[in-house]
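Asker: One structure, pasted below without further comment.
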């Protein structure tokens, strides 16, 4: 499998995982149940486990730590997941609202993708464009925030 094919598999897998997580949370909301589950929490790397990570992963974490977490309007975590039999690192940044950013790297530090996120919706773009959006909080034109599950009936095929 080529690197670009694997990158597309990873992006689709993460997009699906995030969608499924938010669909479950939305169902709980509609049923007036509290859902305290957190996305990928079983795979979160503690500060001790972040030692020895590729420099690119640490730089991504530091970027979001400085621009979001230290400015007190969100949080950033590193997760180690497996997709298609290979381990990857996910730098996931979530604002105090409903949006965030995702960067994905191989265990060697090669970028697999970067995305702007609104709840369960993701738009994958070039890394520079994704990081530029942090300062202004902008969304890519392709990210139609009205397409979110929230505030709508559940999809028939997903019920």
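Asker: Given labels modelled 7 Å from the Cα in the Cβ direction, how far is it in nm from residue 29 to residue 72?
Answerer: 2.6 nm
Asker: For the chain, with a Gaussian network of springs between Cα atoms less than 10 Å apart, report the residue from 26, 64, 105 with the top mean-square fluctuation.
Answerer: Taking springs between Cα atoms under 10 Å, the residue moving most is 26.
Asker: Quick one: 49, 117, fewest Cβ neighbours within 10 Å first, how do they rank?
Answerer: Details: 49 11, 117 24.
Least crowded to most crowded, the residues run 49, 117.
Asker: Could you tell me the distance between the Cα centroids of region 124-147 and region 1-78, to the nearest Å?
Answerer: 16 Å
Asker: Percent of Cα-Cα pairs more than 22 Å apart in region 3-158, please. Please report the intermediate quantities before stating the final value.
Answerer: Values: 4983 of 12090 pairs.
Summing the P(r) tail past 22 Å for region 3-158 gives 41 percent.
Asker: Separate question: Efficiency by 1/(1 + (r/R0)^6): what FRET value for residue 95 and residue 51, r their Cβ-Cβ distance, R0 = 30 Å, to the nearest 0.05? Don't skip to the end; give the middle numbers.
Answerer: On the way: r = 27 Å, r/R0 = 0.91.
For R0 = 30 Å, the calculated efficiency reads 0.65.
Asker: For residue 111 and residue 139, what is the calculated FRET efficiency with R₀ set at 25 Å and r taken between the beta-carbons, to the nearest 0.05? Write down the numbers at each step before the final one.
Answerer: Details: r = 21 Å, r/R0 = 0.83.
Computed FRET efficiency for residue 111 and residue 139: 0.75.
Asker: To the nearest 500 deg cm²/dmol, what mean residue ellipticity at 222 nm is calculated for the chain from DSSP H runs of n ≥ 4 alone, each contributing -39,500 (n - 2.57), summed and divided by the residues?
Answerer: Details: 3 runs with 48 residues, N = 159.
Dividing the helical sum by the residues of the chain leaves -10000 deg cm²/dmol.
Rule-based calculations on the coordinates, nothing more; no lab input. Fair warning: this is a prediction, and the values are worked out from it, not measured in the lab. Here the Cβ is made from the backbone with ideal geometry for all residues, glycine too, and neighbour counts use every protein chain on show.
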